[in-house]
């Protein structure tokens, strides 16, 4: 099959850039203190300084979504030096078109007034723009189309005006109201590079949905969270006005589910590395769509923890200046890089778009090629046929990738644990919190003991691991006292928490850890520490903040969780160093991964037993 090349790219952002004060004036703002507080919180979190809306100063819409897309398509085709009549496939992605029927691509085609062409309308949310791109690339590779255009477009501003937000505000709607904005972008896809300027060869693409494992997160058309049921959608209401009154037409995002999105995306990222499609060390530019700057650090933390981080200097985002334009965002970012000459022949570019709608992930790798050298370079024909990157012989990527997979399984199990679900959904009670501390204490009190046992079991061959275990045991052996103080400060008694027996999960977990710690050179316990320390660094601080907000707890009542959210970051860094010491040994890697998986299952069982 022929290769596919992006030979032109353009973006269209309507009107002048608006700062936060101006968007409040154009959208209108609620008069309640709660609404203002939510707005300020979201604006501070997303890091967007300017954005664009197809609204005039009075808040009146000035353009349709199809017009935004048509502007971007026209600009991309013009940049390539072609006529609209040369295009034989138009693929589009958007969250919400102007009309319910027909498809968005047909409406954009009609707006262009070009000749006959194939059209493809990709539905979804942010990843729909990438789905359109992938559809265009595959048509060109099959040889069925010579000039394809893919576009992503959003015109959400008109639905974010204050007259659509009457009544008491809810954060799931207010979050998106002050995050999203309007814009469009498009690329031209051809089977050969352009003759006059560099092009971007599409090496491979990957798009996958995890809807089978996750409920609906970002939605419109229903009033409540979770998966819809018969009789509960906007089409089931007697009149559209009834659905409007119930807020069904507001775009909402269940922010409580967002912490699940990035670990699932990490697993997909790691899978691409395992399959030989992606070599993080070879990537020169990363263009990653995320809805708020707040999430950038979380993404970096997960990649760093898995040993898959691409140097931060190689990441590009124009979110602060262009805003979050959903399906158009990846095009808008690519267009700015293209326009400013960011890419040079030989550079490899990675596109990443996580979508929270029902958890989809889109990736693509591009290589910048010069006009006279592009045809000589071998290209990947499709996903699964890429040449594997140069292998590292230290085994670290394989070990960290395997641990990332175990963590994803563990986190998926955690979301089904009742006590965890109540904390993360904001429905936990003070009694739940005391019960959690009571059950954790019986396992925590033995943490320093099994780590000390492990230290004594290391021979001189593993002197560095023995030293690390000794230091770690010194850090851990007083933790249970901090936990006991939280329990008493939260209304419990010292006698109750000290006299409580281990639950079934704690018994099994402690017995297993002491058994492994007693074996000669127990390097597999690095897998146990990966799970336990990871729980502290990735979950504990968030749980503490949530409990303080929902239950009005103080820092003196959540010190144990907060401390582990901070201290375990340092412990995880120490663990990374230890893992690299043993990763070259395939037997050691297998032992570590098995112990990590066992400990993850037993820890989840321990938490499940809290409600028994």
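Matching residues to (1) out of contact with any helix residue (DSSP H, G or I) (no Cβ under 6 Å at 6 or more places or on another chain); (2) outside the structural domain of residue 17 (by TED's automatic domain parsing); (3) under 30 Å from residue 96 (Cα atoms):
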residue: 265; (1), (2), (3): yes, no, yes
residue: 268; (1), (2), (3): yes, no, yes
residue: 271; (1), (2), (3): yes, no, no
residue: 274; (1), (2), (3): no, no, no
residue: 286; (1), (2), (3): no, no, yes
residue: 300; (1), (2), (3): yes, no, no
residue: 308; (1), (2), (3): no, no, no
residue: 325; (1), (2), (3): no, no, yes
residue: 333; (1), (2), (3): yes, no, yes
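Any residue in segment 174-191 that is out of contact with any helix residue (DSSP H, G or I) (no Cβ under 7 Å at 6 or more places or on another chain), assigned to a loop (DSSP other than H, G, I, E, B) and farther than 23 Å from residue 51 by Cβ? Checking segment 174-191: not a single residue is out of contact with any helix residue (DSSP H, G or I) (no Cβ under 7 Å at 6 or more places or on another chain), assigned to a loop (DSSP other than H, G, I, E, B) and farther than 23 Å from residue 51 by Cβ.
Residue by residue, here is whether (1) at pLDDT 90 or above; (2) on the phi > 0 side of the Ramachandran plot; (3) surrounded by 15 or more Cβ atoms within 10 Å (Cβ to Cβ); (4) not in a loop (DSSP other than H, G, I, E, B) holds:
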{"position": "248", "(1), (2), (3), (4)": "no, no, yes, no"}
{"position": "257", "(1), (2), (3), (4)": "no, no, yes, yes"}
{"position": "260", "(1), (2), (3), (4)": "no, no, yes, yes"}
{"position": "264", "(1), (2), (3), (4)": "yes, no, yes, yes"}
{"position": "268", "(1), (2), (3), (4)": "yes, no, yes, yes"}
{"position": "272", "(1), (2), (3), (4)": "yes, no, yes, yes"}
{"position": "287", "(1), (2), (3), (4)": "yes, no, yes, yes"}
{"position": "295", "(1), (2), (3), (4)": "no, no, yes, yes"}
{"position": "310", "(1), (2), (3), (4)": "yes, no, yes, no"}
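Among the residues of segment 573-600, just one is buried (at least 21 other Cβ atoms within 10 Å of the Cβ) and in a loop (DSSP other than H, G, I, E, B), namely 583. A count restricted to segment 114-155 and to residues that are part of a loop (DSSP other than H, G, I, E, B), crowded, with 22+ Cβ neighbours inside 10 Å, under 20 Å from the mean Cα position of the chain (by Cα) and at negative phi stands at 3.
In the set (1) within 19 Å of residue 442 (Cα to Cα); (2) surrounded by fewer than 16 Cβ atoms within 10 Å (Cβ to Cβ); (3) modelled with pLDDT of 90 or more, residue 609 fails one condition alone, (2). Being at pLDDT 95 or above and surrounded by 22 or more Cβ atoms within 10 Å (Cβ to Cβ) is true of residue 329. Within segment 201-216, if we keep just the residues that are modelled with pLDDT of 90 or more and touching a helix residue (DSSP H, G or I) at 6+ places or on another chain (Cβ under 8 Å), the residue that is surrounded by the fewest Cβ atoms within 10 Å (Cβ to Cβ) turns out to be 208. Of the residues screened, residue 511 is one that is at pLDDT 90 or above and part of a helix (DSSP H, G or I).
Looking at 406, 417, which is the one that is closer than 19 Å to residue 561 by Cα, in contact (Cβ under 8 Å) with a residue 24 or more places away in the chain, under 29 Å from the mean Cα position of the chain (by Cα) and buried (at least 17 other Cβ atoms within 10 Å of the Cβ)? Selected residue: 417, the only one of 406, 417 that is closer than 19 Å to residue 561 by Cα, in contact (Cβ under 8 Å) with a residue 24 or more places away in the chain, under 29 Å from the mean Cα position of the chain (by Cα) and buried (at least 17 other Cβ atoms within 10 Å of the Cβ). When segment 453-462 is filtered for residues that are modelled with pLDDT under 85 and more than 16 Å from residue 588 (Cβ to Cβ), the ones remaining, listed by number, are 455, 460. Candidates 148, 106, 136: the one that is assigned by TED's automatic domain parsing to the domain that holds residue 55, farther than 25 Å from residue 43 by Cβ and free of Cβ contacts under 8 Å to residues at least 40 places away in the same chain is 106. Return yes when residue 386 is part of a loop (DSSP other than H, G, I, E, B), under 29 Å from the mean Cα position of the chain (by Cα), at pLDDT 85 or above and surrounded by 19 or more Cβ atoms within 10 Å (Cβ to Cβ) and no when it is not. No: the conditions fail for residue 386. Does residue 129 meet the test of being touching a strand residue (DSSP E or B) at 6+ places or on another chain (Cβ under 8 Å) and in contact (Cβ under 8 Å) with a residue 60 or more places away in the chain? Here the answer is yes, as residue 129 does meet what is asked.
Based on this model, can you work out whether residue 197 counts as assigned by TED's automatic domain parsing to the domain that holds residue 127, farther than 17 Å from residue 416 by Cβ, touching a strand residue (DSSP E or B) at 6+ places or on another chain (Cβ under 9 Å) and buried (at least 17 other Cβ atoms within 10 Å of the Cβ)? Judged against the criteria, residue 197 is not a match. When 499, 426 are screened for being assigned by TED's automatic domain parsing to the domain that holds residue 597, over 24 Å from residue 598 (Cβ atoms) and more than 34 Å from the chain's Cα centre (by Cα), only 499 passes. For segment 351-368, the criterion of being within 30 Å of residue 395 (Cα to Cα), surrounded by fewer than 17 Cβ atoms within 10 Å (Cβ to Cβ) and over 21 Å from the mean Cα position of the chain (by Cα) is met by no residue.
The criterion of being within 30 Å of residue 71 (Cα to Cα), assigned by TED's automatic domain parsing to the domain that holds residue 368 and either buried (at least 18 other Cβ atoms within 10 Å of the Cβ) or touching a strand residue (DSSP E or B) at 6+ places or on another chain (Cβ under 7 Å) (or both) does not hold for residue 282.
Would you mention how many residues in segment 429-452 are assigned to a loop (DSSP other than H, G, I, E, B) and either farther than 26 Å from residue 526 by Cα or not assigned by TED's automatic domain parsing to the domain that holds residue 599 (or both)? The total comes to 1. Yes or no: segment 318-336 includes at least one residue that is over 25 Å from residue 66 (Cα atoms) and free of Cβ contacts under 8 Å to residues at least 60 places away in the same chain. Scanning segment 318-336, I find no residue that is over 25 Å from residue 66 (Cα atoms) and free of Cβ contacts under 8 Å to residues at least 60 places away in the same chain, so the answer is no.
The values are calculated or read from the model by the stated rules, or taken from the named source; none is laboratory data. Fair warning: this is a prediction, and the values are worked out from it, not measured in the lab. In this analysis, Cβ positions are derived from the backbone assuming ideal geometry, glycine residues included, and neighbour counts consider all displayed protein chains.
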